[in-house]
Amino acid sequence: MTAPPLPIVRTVADLRAQVRAWKAEGLRVAMAPTMGALHEGHLSLVRLGKAKADKVLASVFVNPTQFGPNEDFDRYPRDEAGDAALLASAGCDLLYAPTVSEMYPQGFATRVTVSGVSEPLDGAARPGHFEGVATVVSKLLNQAQPDVAVFGEKDYQQLQVIRRLALDLDLPVEIVGAPTARAQDGLALSSRNAYLTPEQRQIAGRLNVALKDAGERLRGGATVEQVEATGRAALERYGFEKIDYFEVRHAEDLSHPGPGPFAGPARILAAAFLGKTRLIDNMAA
Ligand code: PAF
């Protein structure tokens, strides 16, 4: 049976009116913020939201402020009709798809900066990225005022940045991390996987292999220095062209534990390029 078409709202006023109506009925509301080009990973966020609340809304907004000047904002895949159909099939109740001018009207001048956790790794490799994410997520959560918001663990540093900002800004929302959805060979699902050539796609799954192997080494007593060096060497051997990082970090604040052995809780995070496509993934250890 095909799901009925998904209601779409485009303004903060319409979004708030719907969420207010649900809350007036005593319903709990979950939100899954996305940038569209949806795949099974996003749908798993919607399903998790549905399991934690009565109503779930998704947002689709390709946020210009989190892309660097040489990044893929212009070519980022966009397919609102396809996204809406997928969301409806996953049990989503509402799509919020604001325009850039609804989100950033004339005169917009505020930025949200989260220090510490947003500084290393992607923060260092993509200057300004987390400020863009923190700003738009603060706005989205404030606009929708959901009880629960679900974000994927694939973007683990982003998840930790959002947990920090929700805590620091006293946002009345529970932030939930959803396990990474993966292809059969372990490749984390990502809208950017669509950029990969068939040859690159063959190599891409090895990012996850290297991270799993690193997790086993760390748990087996190898030092952080050894785990990181072995991980980088493995990615080079597999054919990754540029490695932004392959690092062991404290799982919560993402500080570096130093070169010696580390009993955790750890997160091992990696970012590497195949051609122009930048892939990221991470693993608990
Ligand atoms: O993970 C994403 O898709 C985006 O970074 C988010 C959280 C929707 C903010 O634009």
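The values are calculated or read from the model by the stated rules, or taken from the named source; none is laboratory data. Owing to the predicted nature of the structure, the values given are computational and were not obtained by experimental measurement. As a convention, Cβ positions derive from the backbone with ideal geometry for all residues, glycine included, and neighbour counts pool all protein chains shown.
Can you find a residue that is modelled with pLDDT of 95 or more, away from the ligand (no atom under 15 Å from the Cβ) and within 23 Å of ASN63 (Cα to Cα) anywhere in region 197-216? Taking every residue of region 197-216 in turn, none turns out to be modelled with pLDDT of 95 or more, away from the ligand (no atom under 15 Å from the Cβ) and within 23 Å of ASN63 (Cα to Cα).
Answer yes or no as to whether PHE61 is within 16 Å of the ligand (Cβ to nearest atom), out of contact with any strand residue (DSSP E or B) (no Cβ under 6 Å at 6 or more places or on another chain) and without any contact (Cβ under 8 Å) to a residue 24 or more places away in the chain.
Numbers: within 16 Å of the ligand (Cβ to nearest atom): yes; out of contact with any strand residue (DSSP E or B) (no Cβ under 6 Å at 6 or more places or on another chain): yes; without any contact (Cβ under 8 Å) to a residue 24 or more places away in the chain: no.
No; evaluated as a whole, the condition is false for this residue.
Out of ALA222, ALA214, ALA194, ALA210, one residue alone is touching a residue at least 12 places away in the same chain (Cβ under 8 Å), aliphatic (A, V, I, L, M) and in a loop (DSSP other than H, G, I, E, B). It is ALA222.
Tell me, which residue of region 15-42 that is touching a Ser or Thr at 6+ places or on another chain (Cβ under 8 Å) and assigned to a helix (DSSP H, G or I) is surrounded by the most Cβ atoms within 10 Å (Cβ to Cβ)? Looking at the filtered set, the residue picked out is HIS42. Restricting attention to region 134-186, the residues that are assigned to a helix (DSSP H, G or I), without any contact (Cβ under 8 Å) to a residue 40 or more places away in the chain and within 14 Å of the ligand (Cβ to nearest atom) total 9. Exactly one residue out of VAL114, VAL100 is among the hydrophobic types (A, V, I, L, M, F, W, C), surrounded by fewer than 13 Cβ atoms within 10 Å (Cβ to Cβ), over 19 Å from ASP147 (Cα atoms) and touching a residue at least 12 places away in the same chain (Cβ under 8 Å), and it is VAL100. So, LEU87, is that one under 18 Å from the mean Cα position of the chain (by Cα), surrounded by 15 or more Cβ atoms within 10 Å (Cβ to Cβ) and assigned to a loop (DSSP other than H, G, I, E, B) or not? So LEU87 does not fit the description; no.
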